[in-house]
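What follows is a short report on a single structure.
Readers should treat all values here as calculations from the given coordinates under stated rules, not as data from a laboratory. A quick note: this is a predicted structure, and the numbers were derived from the prediction, not measured.
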Amino acid sequence: MNRKMKFLMTATLATVTILSVSPLLALNEAQAARSTNPNLDIVTPYAIDNENSIANAPISGTSFNKKFNIKANYGWVKVWVENTSTETLTVRVTQSTLTGTEKMLFTVAPGKFETRYAEKPWATGDHYVSISTKNGGTMSGLLSVKMATTKDEL
């Protein structure tokens, strides 16, 4: 093989190698951006379709309430709660007001996290996440609420 042919083969091989590896590197970077702890199902979307989603809001104090608004066509809801306190957390999601129609109710044990999904699309408008403990103890953790147009997007 002459010198030009060897150079051309080497350059082609190097280009193919670089182009083959770059998508894998981009995938790893995207996965790292999704969650800082791969063992947790933290809801941290790349782009939030609805500006009223809640992403990793700190839970603290002895009572916690957070409002979110469901826009038209964004009725599918995912609620994620991480409990870093020593108390069991009770999570209640209601429609319209803090005492409105209950849409979701679950508990999160100390040191655990729970993810819950709406069984069907919810109505548009204001909704509230209310988190409490049985004995009024101090709470700590994170709350995320994601809304989507289909359940598969959650």
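So the values come out like this:
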{"read-out": "Integer Hz, Karplus 6.51/-1.76/1.60 couplings in order for segment 119-136, x for Gly and Pro", "value": "7, 8, x, 8, 5, 5, x, 6, 9, 10, 9, 10, 10, 8, 10, 4, 9, x"}
{"read-out": "Relative contact order %, segment 54-153, counting alpha carbon pairs below 8 Å whose residues are six or more apart", "value": "48 percent"}
{"read-out": "Kirkwood-based Rg to Rh ratio, segment 54-153, C-alpha trace", "value": "0.96"}
{"read-out": "Placed amide H near Met104: partners under 5 Å, 5+ positions off or other chain", "value": "Val93"}
